[in-house]
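All remarks here apply to the structure that follows.
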Amino acid sequence: SAVISQKPSRDICQRGTSLTIQCQVDSQVTMMFWYRQQPGQSLTLIATANQGSEATYESGFVIDKFPISRPNLTFSTLTVSNMSPEDSSIYLCSVEGAVRYGYTFGSGTRLTVV
Amino acid sequence: DAKTTQPPSMDCAEGRAANLPCNHSTISGNEYVYWYRQIHSQGPQYIIHGLKNNETNEMASLIITEDRKSSTLILPHATLRDTAVYYCIVRVDNYGQNFVFGPGTRLSVLP
């Protein structure tokens, strides 16, 4: 299955600033997914990112707050903009694994906003 | 919303089999049952999946009832490293279909 490198692994940020999270995959993939996991909660899909087109956002998530780039088939970024303490979460990217073997997830970015 | 129901938590003694149940009474004929787990501070890890037959791999066994409305994940000899949150997810086996995670079952393997 694909190997995902996600950076940074953790960060502490001031409110009002922005953080860009990078997701690098060791193979070409068509779709990449970004999830958020709030403290003590399950994973929630933020958006789906296809190469060459705008990301598709789930209800409750907007592009101005979570802009996503997908410049090629192995890389994507998620930016958390104008952060507030409520944005403190783990952010994870995932990609389709081998056929019918589900998805591979990155190790996540643990974000704390102070 | 997640289409599965799992107990919020379970305990299991180390070395014993851990049996994690999942109800998916509204599953469609073309939906697979997937199991993932998330060990603390890591991303979810794929365990196993199946359609209607029982499945086994090096990590676990998946038992799906004949009517497909429920399933059980079996860890045959649980170790302390199996302590994690286990997610049961039903999903159509189409490329690009995202996974919808419910709250899962927090399994604690006790020494």
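Working only within segment B:44-102, note down all residues that are under 16 Å from B:N30 (Cα atoms) and of a type in the set (K, R).
B:K52, B:R68, B:K69, B:R91, listed by residue number.
Find the residue count for segment A:43-63, including only residues that are more than 11 Å from the chain's Cα centre (by Cα) and closer than 18 Å to A:T104 by Cβ.
3
Go through (1) exposed (fewer than 13 other Cβ atoms within 10 Å of the Cβ); (2) under 13 Å from the mean Cα position of the chain (by Cα); (3) under 22 Å from A:Y103 (Cβ atoms) one by one and return the number of the condition B:Y34 breaks.
Unmet condition: (1).
Of these, A:G16, A:G102, which one is at positive phi and either surrounded by 19 or more Cβ atoms within 10 Å (Cβ to Cβ) or facing chain B (nearest Cβ under 9 Å) (or both)?
Unique residue meeting the criteria: A:G102.
Filter segment B:42-72 for residues that are part of a strand (DSSP E or B) and either within 14 Å of chain A (Cβ to nearest Cβ) or touching a residue at least 60 places away in the same chain (Cβ under 8 Å) (or both) and give the result.
B:Q45, B:Y46, B:I47, B:I48, B:H49, B:G50, B:E55, B:L62
Taking into account only those residues within segment A:36-53 that are touching a Phe, Trp or Tyr at 6+ places or on another chain (Cβ under 7 Å), facing chain B (nearest Cβ under 9 Å) and assigned to a strand (DSSP E or B), which is surrounded by the most Cβ atoms within 10 Å (Cβ to Cβ)?
Per the stated criteria, the residue is A:L43.
Check off (1) within 11 Å of chain B (Cβ to nearest Cβ); (2) within 30 Å of B:L51 (Cβ to Cβ) for A:I90 and give me the number that stays unchecked.
Every listed condition holds for A:I90 apart from (2).
Throughout, read-outs are computed from the coordinates displayed, never taken from laboratory work. The structure displayed is predicted, hence computed values, not measured ones. Cβ coordinates were reconstructed from backbone atoms using ideal geometry, including for glycine residues, and neighbour counts include every protein chain displayed.
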